[in-house]
Amino acid sequence: MSSYAVSFSAFTDGDGRKLLWAVFLGSLILSLVASLCNPILARDAALYLDIAAHYREDGFSESFERFDWPWFPMLLGLLHWISGLDLELIGRLLCELFTAIACVACVDIVRRTRVELLSWAALAVLAVPAFNAYRGDILRENGFWCFAMLGLWCMHRWMVSRRLSLLLLGFVAVLVATLFRFEAMYLVLVVPVVAVLRVHGGPLKRSVAIVLGGVGVLAVCMGLVWARRHGWLPQGRIDEYVAHLELPSLLAGLHQFASRLAESMPFEYAREDAALILLMGLFGYLLLKVFSSLGVMVVPWLYGAIERRRNRDRDWLLLDVAAAGYLVILLLFLIDHLFLSARYVAFLGFLLVPVMAMGLHGLAVLWPRLRPWLVGGVLLLALANVVSFSAPKTHLRDAGLWLGSHLSREARVYQEDNRLGYFAGWGYGSEGRDREQALALKGHDAYEYFALDLKREPEAQLAQLKAKGLEPLAEFHNRRGETYVIFRRAKVP
């Protein structure tokens, strides 16, 4: 037995619970490393913390006006009020605890199903870039991942034991997950769909069950659309998500965009198929996003998927249905918005971990000498997700602190990044203008000060901005030479 197998067996003796603790602690350590490598808050995190800081003062309605799904910021504000701890510290601790719990739930599903894959699942869940690349950040996705995976974990256990309490706990976890991201609601349909797919009997019985299941899902979707059209759904986030189920309006918007695209096509025959070309391009774009979110782990996933197909393996049918449903949600969003953030795709990473573990195990069995390289490569990938040698945007924070200490909150300051106001202590900004629009304003609306990001080319831009009547007051740089400059307008027009 190789030294790697021995090291694995030290954690997987008995029922494998030691390895679950190792996954939990490993997840927290990776998150700590990521936070140390990138201490500057992202835009969404600054918005959440700003809402949380003013939640008790502004109240429920004001929080909803600033952000239409503010449950996560409100939770941060409540924990801050109870504990008295720093908001940013609370946000980081809570999000990384959520991610660690999601990782453990995912690995435990594998432990309860195929214990021989447990060690590989533990490695894979800490290495998949899809969600591990967001460690160290403060995102509501962390809560979505946590409670969605807990819901699936309860559902998976219910399918074995048939204890009603587990199914109810699973639905409660899904409802909590919707408070972070509303699309988690689709998971309540996963168990009925799996039950339909697992109907035993002849082909006719199975076909009837599948048709009835499809009709049931369609009826739920049509019921939501009908409720939306009659104004029975809350406006905002819920109404927006249900709008994605109205396929005629989605396709009409797609055809409208395709017609504008057709006008720029050089050949007449291509214009006739512009909508089809666009739709196929969106399919390809979605697959590219999914594969890129997996990184090199797409190789063991593909191998595992082939092995499952060959062996007719249905051990993780629950996760398969959840993954298929989430792909449909991503596709509907993509058709409507024509873009897809990698962060939205991240949840698929959790759902595909068991198949990756199966692929890693299969590759190690097929080529035993490859095992050390597989283990080392996966560990390196886990570190690569969190260790960053690029310079953090400390100049952004320094510029914000300078604004807060040298200018009053009432000063007319144009901020090229809304986080400047957060670091200044003025609150997360809501600026919607670009630089040229801000410079063109005159009269009472004109800005007196400008905080501008000059990237790594400050000299050329400084000359142009001085020619427009801006006087530099302070400069801030990070290790890469990226520059923020605070300007004062010599004469307000």
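Every number in this text was worked out from the coordinates using simple rules, so none of it is lab data. In this text the structure is predicted, and so the values were computed from the model without any measurement. Neighbour counts run over all protein chains shown; Cβ positions are idealised from the backbone, glycine included.
With one equal scatterer per alpha carbon and no solvent term, the Debye-computed log10 I(q)/I(0) for segment 335-374 at 0.14, 0.24, 0.25 1/Å reads -0.50, -0.78, -0.81. Across the chain, C-alpha contacts under 8 Å between residues 6 or more apart give a mean separation that, scaled by the residue count, equals a relative contact order of 16 percent.
Provide the net charge surrounding A105, with neighbours chosen by a C-beta distance below 12 Å and charges set as Lys +1, Arg +1, Asp -1, Glu -1. Present the calculation step by step, with values, prior to reporting the outcome.
Working: positive: R111, R112, R157; negative: D108.
Taking every Cβ under 12 Å from that of A105, the sum is +2.
Relative intensity of segment 394-489 on a log10 scale, I(q)/I(0) at q = 0.12, 0.18, 0.20, 0.22 Å⁻¹, equals -0.33, -0.78, -0.98, -1.19, per a Debye sum over C-alpha point scatterers of equal strength in the absence of solvent. Using only the Cα atoms, work out Rg/Rh for the chain, with Rh taken as the Kirkwood radius, to two decimals. Looking at the chain, the ratio lands at 1.01. For segment 394-489, the relative contact order works out to 30 percent when only alpha carbon pairs closer than 8 Å and six or more residues apart are counted. Only helices enter the 222 nm calculation for the chain: every DSSP H run of n ≥ 4 contributes -39,500 (n - 2.57), and dividing by all residues gives -22000 deg cm²/dmol, rounded to 500.
Beta carbons within 10 angstrom, averaged per residue: use that to sort the peptides 257-264, 124-131, 338-345, 112-119, highest first.
Details: 257-264: 13.0, 124-131: 26.1, 338-345: 15.4, 112-119: 19.0.
Averaged packing, sorted descending, gives the order 124-131, 112-119, 338-345, 257-264.
Neighbour counts of other Cβ atoms within 10 Å put K466, K491, K393 in the fewest-to-most order K491, K466, K393. Distance from the C-alpha centroid of segment 105-134 to that of segment 265-290: 36 Å, rounded to the whole angstrom.
Using a cut-off of 15 Å between beta-carbons, work out the net charge of the residues near V220 (Lys and Arg +1, Asp and Glu -1, V220 not included). Intermediate values should be presented prior to the final figure.
On the way: positive: R228; negative: E183, E246.
So the surrounding residues net to -1.
The residues L204, L318, L330, when put in order of fewest to most other Cβ atoms within 10 Å, stand as L204, L330, L318. Counting other Cβ atoms within 10 Å as a rough exposure proxy, the listed residues W153, W367, W158, W120 run W367, W158, W153, W120 from fewest neighbours to most.
All other residues with a Cβ under 12 Å from the Cβ of I329 taken together, and with Lys, Arg as +1 and Asp, Glu as -1, what is their net charge? Mind dumping the intermediate values first?
Details: positive: R181; negative: E183, D336.
Counting the neighbours of I329, the net charge comes to -1.
Computed over every Cα-Cα pair of segment 161-290 and binned at 10 Å starting from 0, the pair-distance distribution P(r) comes out as 10, 24, 31, 24, 9, 2, 0 percent.
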